[in-house]
Each structure stands twice: as C-alpha cells, then as structure tokens.
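Input: a single structure, listed below in structure tokens.
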Amino acid sequence: MELIQDTSRPPLEYVKGIPLIKYFAEALGSLQSFEAWPDDLLISTYPKSGTTWVSEILDLIYQRGDLEKCQRAPIFIRVPFLEFKVPGVPTGIETLEDTPAPRLLKTHLPLTLLPQSLLDQKVKVVYVARNPKDVAVSYYHFYRMAKVHPDPGTWDSFLEKFMAGEVSYGSWYQHVQEWWELRHTQPVLYLFYEDIKEDPKREIQKILEFVGRSLPEETVDHIVQQASFKEMKKNPMTNYSTIPTDIMDHSVSAFMRKGATGDWKSTFTVAQNERFEANYATKMAGCSLHFRWEL
Ligand code: A3P
C-alpha cells in the first residue's frame, strides 16, 4: 500500500525546461558523472516510438540470435535505461554496474540533458522515430497504465498537452529534430518505426552494418521472427509483465498494446486531426524529416 502511495502519479518536474517523471528528474544529478565506454551503443527515442522493439532486436544481434541468452533477464536489465529511477526497483545506473561490455544503453533524454560523456566518446546511437499521431495515442495509454506519470486526463486534453510539449520528456517535435541534426556530428543511425513494420529484415540489415557485425541470413530471419509483436507480447522478458502492478497496470492497458501503424485513426476525431496537422506544419516547418502516417 505504501508503494502505491509513493509511486502514484506525482506531478512532472522541470529540469532545464524539460518536464520529466519526478523520479527520473531526481536521477539526473548522479547521471551527469556517468562515463560512457567507446564500445557502448545508445538506443535513443522519444517515448513510445519502438524503443523496446529495437532494444530486443539489438540484444538478439549481440547474442547472435540465441533466444535462450536473451531470456537471461527482462529487457530493462539487458538494456539499462540510463535515467530510470522508481522507488523499490534498481535504478538504471545501478543496473549498469553489473552490465558487461559491449553495453547496450537506452535513453529518452533530449540532448540538453544527455550525459556529455556519450558525445565525447562518440558512442554510436541508434535513434528510432515514429509518426507523432501514433506516438500520442500510445503515450496516452501508457500514461494510463504507468502510474509514475501524472493522470493523463481526457484524450482531448492529453493531445493538447502533447502538442504543447507538456508531457514527460517535453516536445516530440524538438526531440526528433535535434537528434536528426546530431547525425551531422555524431555516429547516428536514424530509423523509423514505420520502416521496421514495413520490412524488419531490411532495417535489421541496416543495424548490422551500422554496428559492424554480420550474421547468417537464417539468423536474421530468426531475429525478425523473435522480435515480432506477437512473440514480444507473450514474452515476459520483453512485455514488462515482471514490473510490479502498482507501477505498471497491464489490466488498464497492456505495454504491448497494438503495435500498429495508423491506429491513431480510431482515436483522433476529424477536428483533432485538423488541429494536429496545422500545429505539425508550424512546428516542423523547414525540417527535412518525413513521417508516414499509415502503411
Ligand atoms: P502501441 O502502444 O501503439 O501498441 P516503446 O518501447 O518506445 O515504449 O514503444 C512502445 C510501442 O511500441 C507500443 O506501441 C508497443 O506495442 C510497440 N511495440 C513494441 N514491440 C513491438 C514490436 N515487436 N512490433 C511492433 N510494435 C511494437
């Protein structure tokens, strides 16, 4: 009961102008002294963009498709989440202490909050972006089930907050653009959720080339299969079912919810869509990024 009171829906805290889950904001102090290793690989995303999917793909690649090895621990232990902190659960930094090289790391942080060492060490980054209409819907349901977030309110009010950047991790628009620009100065492989849905094998080949590894074709096919939505939804090492229910309540909405592109159409009203599109055009003006809203 105490854990429920402790973790239940604290307001977001602003750090350098970025709203964050209260506990994650508290973790940032000790994270600034984090030392990256040159062979680290950072998976960076705005929340709900396919982080868990690409994390599982990368661990499968690092374990050469050996599913048993990928069953060794839940995804958030195999791929430590740098800024993660929730009462009663090991922090991302604590998890890192037991993680051998070569390490896979996860963050959702915007660049202004990223530990400098990752940039100084020129750590390779796999960034995944997803169209913001599907992100907003996924994020709304995630807010409902993950009680470290404030109450999302109605879908309509949540969508307004999303467009204004008043959700955890701030503006989607700024996040996707600043990591897109980073590819000019850092080793960044910029992927899209929709592309992975369309042709996972093609995108896995891109990742293999980027990380300088090669695998037999049948192993790549096996990875495609093991990292499918159907497999990951029933796998306790990827579906977050090992997290206590008072932190994530899958009976409200499953972490592995739909795994679809274009699902936003069943949620957005015509008026919400028009408003979103006008806002999108303003926020993304002059940016060369192109998103696909359906497949
Ligand atoms: P939905 O809520 O739209 O279903 P993240 O890992 O960044 O939090 O993203 C979670 C989103 O990715 C959820 O979207 C989840 O279902 C989806 N997802 C996770 N694994 C997936 C997979 N193997 N294939 C497709 N989508 C996946």
Quick note, region 231-279: a/c under 1.5 would make it rounded; otherwise a/b > b/c is prolate and the rest oblate (a ≥ b ≥ c, C-alpha gyration tensor); here it is prolate
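Rounded, prolate or oblate: which fits region 137-295, taking a ≥ b ≥ c as square roots of the Cα gyration tensor eigenvalues, rounded meaning a/c under 1.5, else prolate when a/b beats b/c?
Working: a/c = 1.85, a/b = 1.18, b/c = 1.56.
Here region 137-295 falls in the oblate category.
Is region 9-109 best put as rounded, prolate or oblate by its Cα gyration tensor, with a ≥ b ≥ c the root eigenvalues, rounded for a/c under 1.5, and otherwise prolate when a/b is larger than b/c, oblate when not?
Values: a/c = 1.91, a/b = 1.73, b/c = 1.11.
Prolate, because a/c is 1.5 or more and a/b exceeds b/c.
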In whole Å, what is the distance between the alpha-carbon centres of region 24-63 and region 187-247?
-> 15
Quick one: order 62, 14, 193 by neighbouring beta-carbon count within 10 Å, fewest to most.
-> 14, 62, 193
Please work out how many pairs of lysine residues in region 157-283 are eight or more positions apart (or on different chains) and have Cα atoms closer than 29 angstrom.
-> 29
Could you tell me what percent of the DSSP beta bridges with both partners in the chain are antiparallel, to the nearest 5?
-> 25
If you project the alpha carbons of the chain onto the principal axes, what extent comes out on each, in Å, largest first?
-> 49, 45, 39
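Using Cα pairs closer than 8 Å and at least 6 residues apart in sequence, work out the relative contact order for region 136-198, in percent. Mind showing how you got there, number by number?
Working: 24 pairs, mean separation 10.2, N = 63.
The normalised contact order for region 136-198 reaches 16 percent.
The numbers here are math on the coordinates, done by the rules we state, and not lab data. Predicted model only: the values in this text are computed from it and were never measured. With ideal geometry, Cβ positions are generated from the backbone for all residues, glycine too; neighbour counts draw on all protein chains shown.
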